[in-house]
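Data first, discussion second: the structure below is written as structure tokens.
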Amino acid sequence: MKSIQSKFLIVVISVVLLIALTTTIISFVYTSSILDKDADIITESVARAEALKINRELRDVEYTVEAMRNYVDSTIGDDVDKIKDESYLTEYNYALIEAFSAAANNATGILSHFIRYDSEICNNTELGFYYTRKSGNAVFESSQLSAVEVWESSPWYTVPHTTGVPAWLEPYSVEVLERKMISYV
């Protein structure tokens with residue numbers, strides 16, 4: 001009789017263990033499936049939010065560049081001979097520094113802003129400005145302008161000068177900022 005009870009007990013315990021193991025495996029597979037779906041949804045949501053943020057920053061940069069272009073057009077207009085006058089150009093350069101800095105401070109995606117005067121229009125190509133915002137710093141600092149030979153062969157000058165329209169440039173390294181960046185010029 002003890003033998004039948006022992007065998008029955010072993011069968012019952014085996015069935016209970018088998019049911020517990022089966023339930024554990026099914027729960028694990030089901031839970032993994034749910035977690036994978038949730039992870040995909042969360043990842044996609046975060047990616048969409050970041051894409052919207054990046055697009056907004058890029059649009060802010062485009063709008064700011066367009067606003068500055070309109071500012072220059074409205075202050076110089078068709079009378080480009082004005083900037084051939086050295087004293088006018090010096091005053092105008094200070095006004096542009098103020099206007100560009102104010103505009104750039106309102107667009108978080110802008111890390112630098114500058115003006116270089118075209119040698120075909122202006123006698124003083126050394127005048128101009130270049131301001132940068134270092135990583136983690138909200139304030140723009142004055143930086144050294146590159147030599148005329150360098151900027152006249154740079155894409156940020158040649159592309160809009162040749163095409164006559166604003167353009168996004170391919171990524172490039174900027175030593176002053178110690179990072180890679182893109183430019184809208």
- For the range 154-185, the count of residues that are touching a helix residue (DSSP H, G or I) at 6+ places or on another chain (Cβ under 9 Å), polar (S, T, N, Q) and open to solvent by 80 Å² or more (accessible area, probe 1.4 Å) equals 0
- Select from the range 150-185 the residues that are in contact (Cβ under 8 Å) with a residue 40 or more places away in the chain and among the aliphatic types (A, V, I, L, M) and write down the one among them that is farthest from A138 (Cα to Cα). V185
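State whether one or more residues within the range 101-118 are β-branched (V, I, T), over 15 Å from Y184 (Cα atoms) and surrounded by 13 or more Cβ atoms within 10 Å (Cβ to Cβ). Don't jump to the end; show me each part of the working.
Taking the range 101-118 first, the residues β-branched (V, I, T) are 108, 110, 115.
Okay, now just the ones that are also over 15 Å from Y184 (Cα atoms), so none.
Among the residues of the range 101-118, not one is β-branched (V, I, T), over 15 Å from Y184 (Cα atoms) and surrounded by 13 or more Cβ atoms within 10 Å (Cβ to Cβ), which makes the answer no.
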- Is there a residue in the range 29-52 that is in contact (Cβ under 8 Å) with a residue 24 or more places away in the chain and surrounded by 10 or more Cβ atoms within 10 Å (Cβ to Cβ)? no
- Query: Residues that are small (G, A, S): which helices (runs of 4 or more DSSP H) entirely in the range 78-185 hold 1 or more of them?
  - Reply: 86-105
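The values are calculated or read from the model by the stated rules, or taken from the named source; none is laboratory data. Everything numeric in this text was worked out from a predicted model, so none of it was measured. With ideal geometry, Cβ positions are generated from the backbone for all residues, glycine too; neighbour counts draw on all protein chains shown. These area figures cover heavy atoms from the full protein model, side chains too; ligands, DNA and RNA do not enter into them. Shrake-Rupley method; radii C 1.70, N 1.55, O 1.52, S 1.80 Å.
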